[in-house]
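The next block holds one structure in the form of structure tokens; read it before the comments.
The values are calculated or read from the model by the stated rules, or taken from the named source; none is laboratory data. Predicted model only: the values in this text are computed from it and were never measured. All Cβ positions, glycine included, derive from the backbone under ideal geometry; neighbour counts span all protein chains shown.
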Amino acid sequence: MKRRSLLGAAVPMGVAAALARAAGRAHAAPAATEGTNRDHGFNSAGPFEVVARFDGPGPSGVAVTPGRRIFIGFPRHAINHTGATLAELRDDGLHAYPDAQWSLPSDRAPAQRLMSVHGMTTDTRGRLWCIDDGKLAGLPLAAGAAKVIGIDPATNTIFSNIVLRPGIVLPDSHMNDLRVDLTHGAAGTVYVTDSSFGMSPALVVIDIATGRQRRVLAQHHATQAERGFMAVVEGRPLVFDPPRHKPSFVWGGADGITLSPDSGTLYFCPLTSRRLYSIPTALLSDFSATEAQLAQAVRDEGEKGVADGLATDGQGRIYTTNFEHDAIFRRNVDGSFDTMVRDPRVLSPDGIFVDGSDVYCTLGQWNRLGGLNGGHDLRVPPYYLIRFPTDPPAAVDALHVK
């Protein structure tokens, strides 16, 4: 292109204004059209509805039983609130679950009350399972506080209470999420992610029938937070670089966890990572398998973005929350991805659960906690529980419908 053409194509603003004034006719620049000069990645995308708004504690875990009863976890590890830590969402609001004695603060022994319910799920029999991380903000982890709880919604009673023993739960443990596999073990096997409040993440495997439990892959890169990892949160580039810098965004090791539809494969991921990993449950549930055998069986499934919660639908598609993009993505069985939801309100999407053709997700604004923002709690209630379809109807272009 000749120099004259370049000058005609792009004239600096100061020069353009001077030329316009000299000609006696200054005009405003035309507005940018929808098709040009904007990043459409900032547009909202995907249909979703707000199922509930919460003005009290922030929500984390969510599970829906086959009878479409909705359960929400409100952990106390960040804010030691006095509300229910596990609640059922009904038409008239939240109800402590399974009852007030278990779910509200009390002087009962830590092993006999719910301290801080985080992740939750259902098994293939429709029973509710919760991981109680046991942690109350500002207090050390009490003996018996961290545990796995199984509740039968048909009777609203606890049928399983497996306290995590010392050595399985560490002083800096953060038992984050869980999945239950009824295809291995006499009564099934529970897999828990310990994302750790420090630098000691791992997977925890529990045999339901015997209560036998062990930590695995505690030194494997698949469970670790990546040093030097950078995330862009609400437009701010933030780097995970301890101990040089205090973390300024939600971080951790093994966090997201989900099972394949046949329970043959466990998928998991560190929070501070973009990788997705898997391991066969036949091996993971085998307490005779060595650490070396487990490490060798871990498969890197590729990138999935910055995901907190994971959930699988009946077709084997994995839904991944993403706190960088205020979005929820879906990893299809061929490894491709779809954007299911993207919206400025989707702040810190956390617990996620697939109920048939619907996906539920809690939005807790966790990146705005005071501990990550110089002591200033920047959260702005309400917090949301949202729902969207696994297969939304195709968009119709009214201009081209015949």
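A compact table of results
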item: Residue check for D334: part of a loop (DSSP other than H, G, I, E, B), free of Cβ contacts under 8 Å to residues at least 12 places away in the same chain and closer than 26 Å to I279 by Cβ; result: yes
item: Residue ID - nearest to T121 (Cα to Cα), chosen from residues in the stretch 189-207 that are surrounded by fewer than 22 Cβ atoms within 10 Å (Cβ to Cβ) and among the hydrophobic types (A, V, I, L, M, F, W, C); result: F197
item: Matching option when the condition is over 20 Å from the mean Cα position of the chain (by Cα), more than 20 Å from T124 (Cβ to Cβ) and at pLDDT 95 or above, among R214, R275; result: R214
item: Count of the stretch 185-217 residues which are under 14 Å from L284 (Cβ atoms) and of a type in the set (G, A, S); result: 3
item: Of all residues in the stretch 254-285 being touching a residue at least 60 places away in the same chain (Cβ under 8 Å) and assigned to a loop (DSSP other than H, G, I, E, B), the one that is surrounded by the most Cβ atoms within 10 Å (Cβ to Cβ); result: L271
item: Residue in the stretch 343-350 that is surrounded by fewer than 22 Cβ atoms within 10 Å (Cβ to Cβ), of a type outside the set (D, E, K, R) and either under 22 Å from L94 (Cβ atoms) or under 17 Å from the mean Cα position of the chain (by Cα) (or both) present; result: yes
item: Search result, residues across the stretch 341-381 that are in contact with a Leu (Cβ under 8 Å, 6 or more places away or on another chain), among the charged types (D, E, K, R) and over 14 Å from G309 (Cβ atoms); result: R345, R368, D377, R379
item: The stretch 71-88 - residue that is surrounded by fewer than 21 Cβ atoms within 10 Å (Cβ to Cβ), at pLDDT 95 or above and touching a Leu at 6+ places or on another chain (Cβ under 9 Å) and, of those, farthest from L310 (Cα to Cα); result: T82
item: Unmet requirement for A307, which otherwise passes all of (1) assigned to a loop (DSSP other than H, G, I, E, B); (2) of a type outside the set (S, T, N, Q); (3) in contact with a Lys or Arg (Cβ under 9 Å, 6 or more places away or on another chain); (4) touching a residue at least 60 places away in the same chain (Cβ under 8 Å); result: (4)
item: Residue list for the stretch 149-161, filter: surrounded by fewer than 18 Cβ atoms within 10 Å (Cβ to Cβ) and assigned to a strand (DSSP E or B); result: D152, T157, I158, F159, N161
item: All positions within the stretch 205-241 that are touching a residue at least 60 places away in the same chain (Cβ under 8 Å) and charged (D, E, K, R); result: D207, R212, R214, E234
item: Per-region count, the stretch 102-148, residues assigned to a loop (DSSP other than H, G, I, E, B) and not β-branched (V, I, T); result: 28
item: Any hit, the stretch 96-111, residues being among the acidic types (D, E), under 18 Å from L363 (Cα atoms) and free of Cβ contacts under 8 Å to residues at least 24 places away in the same chain; result: no
item: Selection count, the stretch 325-377, where residues are more than 21 Å from A231 (Cα to Cα), of a type in the set (D, E) and out of contact with any Lys or Arg (no Cβ under 8 Å at 6 or more places or on another chain); result: 1
item: The stretch 203-220: number of residues that are more than 14 Å from I131 (Cβ to Cβ) and either assigned to a loop (DSSP other than H, G, I, E, B) or in contact with a Lys or Arg (Cβ under 9 Å, 6 or more places away or on another chain) (or both); result: 8
